[in-house]
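Structure record follows, encoded as C-alpha cells.
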Amino acid sequence: MKPIAIGLLALAIAAPARAQVPWNPRAPENNQLFSAFSEATVGTVLSDIRARYQRQPGDPARPIIVATFPNGKRAVVSLLACTSNGSACKALGIQASWNPPAGAPAAQLVQAVERFNQRYSFSKAYLTAAGRPALQRYLTADYGFIRGDLAVNLLVFADQEEKFMAEVLRPLVKP
C-alpha cells in the first residue's frame, strides 16, 4: 500500500473517533505550529471541529477536500502552491457556491452580494463567471500556520455561509 493511501486510511479511521468530542478552543494542541498545509494537517483540524470531509480525486499537486461543517454547510477546501505530491502546501482556499435563486433579477443578486461584502470582510462574496453566487476565503502558510487559527477560520467560514444564505440568497427566493 502506498504511503499516501496508508495516511488516508489512518485519517479515515481516526476521524469518526475525534468527531464525537466537541472542539475545545482552549486545548493545548491549538497552539501547535504546522510548517505547511497538507491533507493530513487540514484533515486533523477538520476532524477536531467535527466536520466531515472527503478528498476528491485529481491532481496530487493540488489536493481538494470537500468538507461538511457541523452546521451542515459544505465547502471545497483547495490546497494550493503545493509540492508535486501535495505533501506541503503554502496556501489554502475555501469556497462555497450556490445556484442563483430561481427568478431573482440579476441586478438584485449583484446588489445583495455587494451589501454582504460591505458588511463582512472575513470572506469575499462574488458571482462566478457562470453567474453563481459564491463565497471564498484564502489563507497562506508561507511561514507555517497555527492549528487553532485554521480551526477558527474554518468555523467562521461555515458561519459566513449561513449568513450569506440568510442575507443574500433567501431574501431573493420568489414564493
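Test of understanding: among Asn85, Asn117, which residue is surrounded by fewer than 17 Cβ atoms within 10 Å (Cβ to Cβ) and in a loop (DSSP other than H, G, I, E, B)? It would help to see each step written out before you state the result.
On the way: Asn117 fails: in a loop (DSSP other than H, G, I, E, B).
Testing whether each residue is surrounded by fewer than 17 Cβ atoms within 10 Å (Cβ to Cβ) and in a loop (DSSP other than H, G, I, E, B) leaves just Asn85.
Among residues that are open to solvent by 10 Å² or more (accessible area, probe 1.4 Å), at negative phi, touching a residue at least 24 places away in the same chain (Cβ under 8 Å) and out of contact with any Phe, Trp or Tyr (no Cβ under 9 Å at 6 or more places or on another chain), Pro70 is not included.
Condition check for Ala61 on (1) open to solvent by 20 Å² or more (accessible area, probe 1.4 Å); (2) out of contact with any Gly (no Cβ under 6 Å at 6 or more places or on another chain): one failure, at (2).
Only one of Leu80, Leu92 is under 26 Å from Leu127 (Cα atoms) and either without any contact (Cβ under 8 Å) to a residue 40 or more places away in the chain or surrounded by fewer than 22 Cβ atoms within 10 Å (Cβ to Cβ) (or both). Can you tell me which? Within the list Leu80, Leu92, the selection yields Leu80. Checked against the criterion of being at pLDDT 95 or above, touching an Asp or Glu at 6+ places or on another chain (Cβ under 9 Å), surrounded by 13 or more Cβ atoms within 10 Å (Cβ to Cβ) and of a type in the set (A, V, I, L, M), the range 9-27 has no qualifying residue. Against the test of being basic (Lys, Arg), part of a loop (DSSP other than H, G, I, E, B) and touching a strand residue (DSSP E or B) at 6+ places or on another chain (Cβ under 9 Å), the options Arg62, Arg50, Arg26, Arg55 yield a single qualifying residue, Arg62.
The values are calculated or read from the model by the stated rules, or taken from the named source; none is laboratory data. Keep in mind that this is a model prediction, so the values were computed, not measured. Methodologically, a virtual Cβ is constructed for each residue, glycine included, from the backbone with ideal geometry; neighbour enumeration extends over all protein chains shown. These accessible areas exclude ligands, DNA and RNA; they are computed on the full protein's heavy atoms, side chains included. Shrake-Rupley method; radii C 1.70, N 1.55, O 1.52, S 1.80 Å.
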